[in-house]
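Visitor: Shown below is the structure under consideration.
The values are calculated or read from the model by the stated rules, or taken from the named source; none is laboratory data. Remember, it's a predicted structure, so these values are computed and weren't measured experimentally. No Cβ is skipped: glycine too gets one built from the backbone with ideal geometry, and neighbour counts run over all protein chains shown. When the accessible area is computed, the model is the full protein with side chains, heavy atoms only, and any ligands, DNA or RNA have been set aside. Shrake-Rupley method; radii C 1.70, N 1.55, O 1.52, S 1.80 Å.
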Amino acid sequence: MANKLRNYFPLIRERKEVLKEIGENSGLHALFTGWKPEQQEEFLDFCTGMKGVKILYDSFFKEVMSPEYTPGRLNRFLSLLIGKKVTIRQVIPNDGSRIADENTLLITDIVVEFEDGSLANVEIQKIGYSFPGERSACYSADLLLRQYKRVRDEKNRKKQKFSYKDIKNVYIIVLFEKSAAEFHAVPGKHLHKSFWGFDTGLEVTLLQNFIFITLDIFRKNMENKSIENELDAWLMFFSSEDPERIIELINKYPMFREMYEDIYGLCRNMEKVMGMFSKELRELDRNTVQYMIDELQEKIDAQAAALEADKKRHEKELEAERKRYEEELEAERKEHEKALERERLKYAQALKCIEALKEKSSSDPLQ
């Protein structure tokens, strides 16, 4: 297969050159041989330009999209996504309050503050969590409360009066590499933005905003279609490893060429890029194990629920059968009592007839 990307990025090295450097370094060789054959091929493919790099790997995403070193890139993407120009003022450390160690399925999780004081939590999920709406609402509330406490404390330090007007928007922005079932119920849609309103037309400011991007559905929507706008270009940058798509991307939007040059420049630092890739593989393995555990737990819970339902249904059936049997016994008892009563009446009538005959015979000597 022809290496088309090398025509655009001359710094891309050939496979034999990469393998030679790995083979001459005992540490790199040990690391490389410790990978599975398909992982070795994946690494060689993106280092040699046969395929694009998975930008959504946490290490690569932060290398290329760092809000600290190259803030203009994330600024531009978020501005297009939100629909207005935003500028990142600072990156805020995560407080670590993830429910049930949810970091296991997160690829990237960055909290940034914009110049106007708004906060945005940018997540990339390899596998979509269950209950994405409920979960996002919880973290939006957490982000809003964090902002409230910070602004209030800052006002108090400055001896200034706090007002709720000082609280700005919070955004929960989630890119799903593999989206949850809820999103597939809306065919052909890969970008979902929340909106708030009241049935009366009441206009008040509500601060919580949600943006969900399903990259698997985006790729499907883009099959046999060309890139028509800059936001789609960004989503293609994040989601595609296809050299043809990468070439289309850098020809239509040259700014992405610089980002790919950063990536292929990084690939020339073999020790660093192998360390990053090895870290991603460890995370993927951990995520996969956790996901399998979660799936197994869901199956166990579902089976337990099914067994409990079967038990209740069986108990209900037994209770119905017992009741039916008791009703039948009661009906038989009543029928038996009625039969006995009929026999008793017949017997009483027979006795009366006998008595009547005796009386008649005693009064008539001829009889």
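Visitor: Looking only at residues in segment 20-46 that are of a type in the set (S, T, N, Q) and touching a residue at least 60 places away in the same chain (Cβ under 8 Å), which one is least open to solvent (accessible area, probe 1.4 Å)?
Guide: Q39
Visitor: With the structure loaded, tell me whether D142 is open to solvent by less than 50 Å² (accessible area, probe 1.4 Å), more than 20 Å from the chain's Cα centre (by Cα) and under 22 Å from F195 (Cα atoms) or whether it fails that test.
Guide: No.
Visitor: May I pose another question? Suppose we filter segment 233-280 for residues that are acidic (D, E) and modelled with pLDDT under 90; how many remain?
Guide: Final tally of qualifying residues: 1.
Visitor: Test of understanding: among E123, E182, E177, E115, which residue is over 27 Å from R73 (Cα atoms) and acidic (D, E)?
Guide: E182
Visitor: Next up: Can you tell me which residue in segment 68-87 is surrounded by the most Cβ atoms within 10 Å (Cβ to Cβ), limited to those that are in contact with a helix residue (DSSP H, G or I) (Cβ under 7 Å, 6 or more places away or on another chain) and either modelled with pLDDT under 90 or more than 23 Å from R257 (Cβ to Cβ) (or both)?
Guide: The residue in question is V86.
Visitor: Just for segment 47-67: of the residues that are open to solvent by 10 Å² or more (accessible area, probe 1.4 Å) and in a helix (DSSP H, G or I), which one is nearest to D216 (Cα to Cα)?
Guide: Among them, the one singled out is D58.
Visitor: I've got another one for you. Within segment 194-208, how many residues are of a type outside the set (A, V, I, L, M) and touching a residue at least 60 places away in the same chain (Cβ under 8 Å)?
Guide: Number satisfying all stated conditions: 1.
Visitor: Scanning for something farther than 20 Å from R257 by Cβ, among the polar types (S, T, N, Q) and assigned to a helix (DSSP H, G or I), does segment 4-24 turn up at least one residue?
Guide: No - not one qualifying residue is present in segment 4-24.
Visitor: I'd like the residue in segment 5-19 that is among the aliphatic types (A, V, I, L, M) and in contact with a Phe, Trp or Tyr (Cβ under 6 Å, 6 or more places away or on another chain) and, out of all such residues, is least open to solvent (accessible area, probe 1.4 Å).
Guide: Out of the qualifying residues, it is I12.
Visitor: Need pairs with beta-carbon distance below 7 Å; first residue more than 26 Å from K16 (Cβ to Cβ) and within segment 47-66, second β-branched (V, I, T) and open to solvent by 10 Å² or more (accessible area, probe 1.4 Å); sequence gap 6+ or separate chains.
Guide: Listed by first residue and then by second, the contacts come to L56/I107; D58/I107.
Visitor: Looking at (1) open to solvent by 20 Å² or more (accessible area, probe 1.4 Å); (2) modelled with pLDDT under 90, find the lone condition where N121 falls short.
Guide: (1)
Visitor: Among the β-branched types (V, I, T) and surrounded by 11 or more Cβ atoms within 10 Å (Cβ to Cβ) - does that describe any residue in segment 175-197?
Guide: Checked against the condition, which is being among the β-branched types (V, I, T) and surrounded by 11 or more Cβ atoms within 10 Å (Cβ to Cβ), segment 175-197 yields at least one hit.
Visitor: Which of the residues belonging to segment 198-243 are under 24 Å from K85 (Cα atoms) and either open to solvent by 60 Å² or more (accessible area, probe 1.4 Å) or hydroxyl-bearing (S, T, Y) (or both)?
Guide: Across segment 198-243, the qualifying residues are E203, V204, T205, L206, T214, E228, N229, S239.
Visitor: Could you give every pair whose Cβ atoms fall below 7 Å, whose first residue belongs to segment 67-80 and is more than 10 Å from W234 (Cα to Cα), and whose second residue is open to solvent by 30 Å² or more (accessible area, probe 1.4 Å), counting only separations of at least 6 or pairs across chains?
Guide: Once the first residue is more than 10 Å from W234 (Cα to Cα) and sits in segment 67-80, its partners that are open to solvent by 30 Å² or more (accessible area, probe 1.4 Å) give P67/V91; E68/V91; N75/T87; S79/K85.
This table checks each residue for (1) farther than 30 Å from S240 by Cβ; (2) in a loop (DSSP other than H, G, I, E, B).
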| position | (1), (2) |
| --- | --- |
| Y171 | no, no |
| E182 | no, no |
| V186 | no, yes |
| F195 | no, yes |
| G201 | yes, yes |
| L206 | yes, yes |
